[in-house]
Ligand SMILES: Nc1ncnc2c1ncn2[C@@H]1O[C@H](COP(=O)(O)OP(=O)(O)OP(=O)(O)O)[C@@H](O)[C@H]1O
Ligand SMILES: Nc1ncnc2c1ncn2[C@@H]1O[C@H](COP(=O)(O)OP(=O)(O)OP(=O)(O)O)[C@@H](O)[C@H]1O
Ligand SMILES: [Mg+2]
Ligand SMILES: [Mg+2]
């Protein structure tokens, strides 16, 4: 191996996914003149926001070695709860936001309790929550969309100048999470619990508390996503968010987080969400038939991850 | 701890789930006279067949420490492939069956290749397949149900005497898998690979080959499920099976298989599928409103697993 | 008994799923002393220490610390009280850095609560590691370290707590003499500061070098506590085993034709140009310091991490060993140094682990498998609740016995043993040594890697010494000394 | 010039289409009708599939706006939640046509029918067949979706008019044939011969109920109706198995929408609302449909 290929390998090591993303971006901008325009890139930013927020949240849970399948339903529940408080002239806009986020956090904390105190595997605990929160969302909303929301509330789904507010929320959340994970002791403990729970306990770490934090924060972020979604679609939709959990987990895993815990970064998660967003956007732009779109999407995602995981090997 | 409570604890240890199941069954038979009747129990058997077949298949993959998210899409693909060959007077009924199963096995083998040779995490590999196989099913069927199937084919979804054929298929598959897992070296190797892949390799086991087997067999069983489903609903539906993977994995995990691999039994999986099936059946019988049905279902599943995992503790 | 012990354990009992591991054990530990805990594999030493460390809760009994009764419910509580522990099982965070591992649970922070001070932690790690004379880059990921290096990290991690009691559960199983000596210097320093050290080891020489008091346990019971100076080795062994130790008959080797020829084996960065010949009926020892590359060579021969250059010939024929399956086919078996990673499937039973590498038929004959398992359990006196007990619940030494038995069941012509007696008690060790000699006598070729020089000297027919990935000497054990070996092993 | 060219001359008309869900047969038929008409008129269609997600639908309309298409055809997922798509298009000055169902926001034009109406027709048929007396069960689509809510509303209106009809059970089968089959099997257990009629909110579920009833040899005692007139259901009606379905003219809707789009792009006069009526399909008229 020559020196140079060593450098390339090193670069590829940290940037395999980024390179895949750039390659896809370049290909798309050749294939369609509309791709590389400011409005379209802002569209991509807007479109990945909700998935991105969920993905950042579930990164925390995946890092501890758990999983959260309830995201999509919690989004719906938070959305209808917030929307129910967001009719014009009812409460200040902070109330629906806070209640939506609180509803999410409550679901997350319940997940955490089931996992830590109840010793129920996170897959089952959050699957139960997925079903139950969907039911709750339907009960709360009596099965129908909650509409007629105040403009102050729906503005949250809009833009400031050119910049979409949901994208700004995502950036903020990602930055905070980045700081938590890489600068704070709490973040270090999240990695430790996921990397080796037994060792973490033996090191005097309160494993249960760390897990509680991860699930609760993840739930709260799902609440944020639910509020943002309700603002964007100007309705609290009890059937919203079906399948969002899988999209979010996919973004996280594409971004290099291990499903068995202990490995992963927020940066990777954002890259993963971007990759999926750009693929969706590009395929829609290029008018690929939706059947072939599915095939192409599957192939590209596997290809990008393959590239990323085998970078610098051989 | 007295001797007796020791025995109870031991019993509970292996039968925690069975006890939960029996308890639910007893409760239901008091709550609704229609529950404990032969036709209704046969209904339950019929209704869990497809999920059961998938769950047995995915047990193999989960045992090796992987996951298969493509099941639902593969069911659809196998269904439309089989249905396309099952029009009356076209081919002998063995042809659509074989082709459906082969389509499933092919998808499974591709999953296996991505995981073993491509070093792509199984979550991503099978997520890609989930998307791609759905696209393929839509392409093959041009987006519409493939109907007008021969009675020989659709009979597969019917009964022999009182006994539903899908349930017989499930029983057969479960028995074979039971033998493979508990009597064959192959089965032992599946556990070893999931329990500690590095130690398995160091014991001279060809880890890649074992994984290939698991994914291919799982795919083939998804093919079987697809064929049986098409026969039962007398069409090949390109949009069938959405979410089936989660139902199947849930049954397996409820049944005590660990998502991190190396632990689990077919018996547990069947118990898990039965539990979910009985809950669904019971809630329908008792005509619980759809909204509350979701909540109750989530709570019961978590409760049963909680009981099972905490049996004999304290 | 003792006037005012720092730590008093009274009538501590503990059982697992009905099996008694400890019964009414008592122990007094004084400040500023080294208290050795001795006993056969499975005697309950680790269990007792885990109770002290807060990992297990006792079923009965009481613990007094500085005169006050304590009820600590987690390692967190124990650490807060000032009880730190080096665990027998390595507990690394493989994907975190060495510094993060060392600082885990007591991170340096600055600016505001919870903000990590990475620089300070790296500096601390460097300082602590250098005290043990092991220069490991604090930014390296644990995953890249060998077992011995991980063990030093674990030691350093426990030392970093400002504890008044430090429990060391077999801290030196993978260490070579140099690191052991450094550790002992540190322990003496700790004594001076009034720290109480509880030291568990199966290495007799270590015990007599460092211990002030010795407590012997057997089958979960307290047997005796004596000042170390008043206890002779024979007496100690008798207390542990309950009978006189078996003496190993020194069997002169009778080497035959070469069966394993290794020529110019190289794996860049790990080892370089390793060549040697192993004969039928011969025991070839390999000595060297930690990180010398011995494990890497063994792993290469077994196909776990194949060499990139060089030739391996088995019985005269060149073989390509790209995986352990190839090695087993060529008649090579390995007893791994890293049993947790390569040796065992933790949640599988003793029986299933034993047979895993030697299943020859497609169908499993359960009855035969069980018979073999029972046979091995008897032969190696593996202390288990039964052949169906998951290996993860076995004591460390008993796990090691399973690993050895498992390798032997493949009936290899060439057996590579990497630190085979790691954590094995004196009695069993003697038996394993005589087993190795017997195997050699029946014509097997054996390669033994060990960091215990006495073991190497007494066991081998011939001795290789490695240093920094290269073979530096071939010695005759009958005509060499520990000093000579060290001179070839020490880095220049 | 050719009809498909915009008013300002040589440029081809580009129409962005966001469809509810391309793995639903009715939408597939709608799509085919549009493609056929677009081919005829020389219009370029960009077809996106929203996969039942209102949020994705908004994203797709945002994409069309960024691409500056001439006209957007929206086949809305939701009444409220898809409204921002309409608002955004109008705000960006791009005409938008709602196809098949409504949104709360008022689009440039509307082509389609009223979902409540279809359920009303089906339930009236049941009322008539049962002479206004007997037990009815209803299978709902995915809870909370616009189609489920509206079809529910329509059906309940009719039930309210006929006090002799009792709703024995009402449960979701999520538009799915297999789920509907299981649900029907369970209902047969709990209500047995009490069930005189089944109303399924779409044909897939209707077919599932039909299969379960046939397997239980109860079909001749139960009236089964559903909505959409997909190929399978039409065949079943012709064969006398399914009692009735409600035909919704996909070809008419899709074709009209594309024609409208061209008119709007060419700034010609156009109809603001085109209602294409539903038609009850029974064995008597099954041959005439399509
Ligand atoms: N989690 C557990 N479950 C069941 N049995 C256990 C468990 N932990 C320990 N044991 C049993 O308790 C006994 C004592 O084990 P312990 O680890 O304390 O021995 P030890 O003296 O440290 O032995 P060694 O020298 O081999 O390390 C053993 O028989 C072991 O099998
Ligand atoms: N995967 C790896 N990546 C990077 N370095 C490694 C890896 N595995 C081992 N090494 C390094 O290779 C060197 C040789 O280690 P090895 O374990 O072979 O030595 P040894 O002589 O057996 O001593 P011991 O086992 O007692 O540490 C060590 O410095 C170790 O850190
Ligand atoms: Mg021990
Ligand atoms: Mg070594």
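The values are calculated or read from the model by the stated rules, or taken from the named source; none is laboratory data. Treat the numbers as computed from the prediction; the structure is a model and nothing was measured. Note that we place each Cβ from the backbone using ideal geometry, even for glycine, and neighbour counts take in every protein chain shown.
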Count, please, the residues in region D:248-268 that happen to be in contact with a helix residue (DSSP H, G or I) (Cβ under 7 Å, 6 or more places away or on another chain) and surrounded by fewer than 22 Cβ atoms within 10 Å (Cβ to Cβ). 3
Output the residues belonging to region C:144-180 that are within 13 Å of another protein chain (Cβ to nearest Cβ) and within 16 Å of ligand 4 (Cβ to nearest atom). C:150, C:153, C:154
Got a sec? Which of C:321, C:283, C:312 is closer than 23 Å to residue C:419 by Cα, away from ligand 1 (no atom under 16 Å from the Cβ), surrounded by 22 or more Cβ atoms within 10 Å (Cβ to Cβ) and without any contact (Cβ under 8 Å) to a residue 60 or more places away in the chain? C:312
Unique match (being crowded, with 17+ Cβ neighbours inside 10 Å and within 13 Å of ligand 3 (Cβ to nearest atom)) among C:27, C:37, C:9: C:37
Got at least one residue in region D:148-162 being in contact (Cβ under 8 Å) with a residue 12 or more places away in the chain, touching a strand residue (DSSP E or B) at 6+ places or on another chain (Cβ under 8 Å) and within 21 Å of residue B:295 (Cβ to Cβ)? yes
Check off (1) out of contact with any helix residue (DSSP H, G or I) (no Cβ under 8 Å at 6 or more places or on another chain); (2) on the phi > 0 side of the Ramachandran plot for residue A:65 and give me the number that stays unchecked. (1)
Checking B:266, B:288 in turn, the sole residue that is in contact (Cβ under 8 Å) with a residue 24 or more places away in the chain and either more than 7 Å from every other protein chain (Cβ to nearest Cβ) or buried (at least 20 other Cβ atoms within 10 Å of the Cβ) (or both) turns out to be B:266
Only one of C:210, C:200 that is under 22 Å from residue C:31 (Cα atoms) and either within 16 Å of ligand 1 (Cβ to nearest atom) or without any contact (Cβ under 8 Å) to a residue 24 or more places away in the chain (or both): C:200
Collect the residues in region A:13-35 that are within 14 Å of chain D (Cβ to nearest Cβ) and in a helix (DSSP H, G or I), keeping them in residue-number order. A:28, A:29, A:31
Looking only at residues that are within 16 Å of ligand 4 (Cβ to nearest atom) and touching a helix residue (DSSP H, G or I) at 6+ places or on another chain (Cβ under 6 Å) in region C:287-303, which one is farthest from residue C:451 (Cα to Cα)? C:302
Read through the list (1) within 11 Å of another protein chain (Cβ to nearest Cβ); (2) under 29 Å from residue C:416 (Cα atoms); (3) touching a residue at least 60 places away in the same chain (Cβ under 8 Å), then give the number of the only condition that residue B:190 fails. (1)
Counting just the residues of region D:271-281 that are crowded, with 16+ Cβ neighbours inside 10 Å and in a loop (DSSP other than H, G, I, E, B), which one comes out nearest to the chain's Cα centre (by Cα)? D:278
Considering residues of region C:153-174 that are in contact with a helix residue (DSSP H, G or I) (Cβ under 6 Å, 6 or more places away or on another chain) and under 30 Å from residue C:488 (Cβ atoms) only, the residue nearest to ligand 3 (Cβ to nearest atom): C:171
Answer from C:457, C:435, C:356 - the residue that is more than 16 Å from ligand 3 (Cβ to nearest atom) and within 14 Å of chain B (Cβ to nearest Cβ): C:356
Of (1) within 9 Å of another protein chain (Cβ to nearest Cβ); (2) closer than 30 Å to residue C:117 by Cα; (3) in a helix (DSSP H, G or I); (4) touching a helix residue (DSSP H, G or I) at 6+ places or on another chain (Cβ under 6 Å), residue A:199 fails just (4)
Which of the residues spanning region A:36-91 are without any contact (Cβ under 8 Å) to a residue 24 or more places away in the chain and either under 30 Å from residue A:124 (Cβ atoms) or outside any helix (DSSP H, G or I) (or both)? A:36, A:37, A:85, A:91
Check every one of the strands (runs of 3 or more DSSP E) wholly within region C:268-347 and list those with 2 or more residues that are within 13 Å of chain B (Cβ to nearest Cβ) and away from ligand 3 (no atom under 16 Å from the Cβ). C:332-335
Being within 16 Å of ligand 3 (Cβ to nearest atom) and surrounded by fewer than 23 Cβ atoms within 10 Å (Cβ to Cβ): is that true of residue C:203 here? yes
May I ask you to say which residue of C:443, C:427, C:423 is surrounded by fewer than 22 Cβ atoms within 10 Å (Cβ to Cβ) and within 16 Å of ligand 3 (Cβ to nearest atom)? C:427
With C:351, C:376, C:400 as the choices, which residue is assigned to a helix (DSSP H, G or I), within 16 Å of ligand 2 (Cβ to nearest atom), outside the structural domain of residue C:171 (by TED's automatic domain parsing) and in contact (Cβ under 8 Å) with a residue 24 or more places away in the chain? C:400
Could you tell me whether any residue of region B:127-137 is surrounded by fewer than 21 Cβ atoms within 10 Å (Cβ to Cβ), touching a strand residue (DSSP E or B) at 6+ places or on another chain (Cβ under 9 Å) and within 12 Å of another protein chain (Cβ to nearest Cβ)? no
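Conditions tested, residue by residue: (1) surrounded by fewer than 23 Cβ atoms within 10 Å (Cβ to Cβ); (2) on the phi < 0 side of the Ramachandran plot; (3) not in a helix (DSSP H, G or I).
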{"position": "D:94", "(1), (2), (3)": "yes, yes, yes"}
{"position": "D:103", "(1), (2), (3)": "no, yes, yes"}
{"position": "D:139", "(1), (2), (3)": "no, yes, yes"}
{"position": "D:150", "(1), (2), (3)": "yes, yes, no"}
{"position": "D:163", "(1), (2), (3)": "yes, yes, yes"}
{"position": "D:170", "(1), (2), (3)": "yes, yes, yes"}
Among B:276, B:299, which is the only one that is more than 10 Å from chain A (Cβ to nearest Cβ), at pLDDT 90 or above and within 26 Å of residue A:77 (Cα to Cα)? B:276
If a residue has to be at the interface with another protein chain (Cβ under 7 Å from one of its Cβ atoms), crowded, with 23+ Cβ neighbours inside 10 Å and out of contact with any strand residue (DSSP E or B) (no Cβ under 7 Å at 6 or more places or on another chain) to count, how many in region A:206-239 make the cut? 7
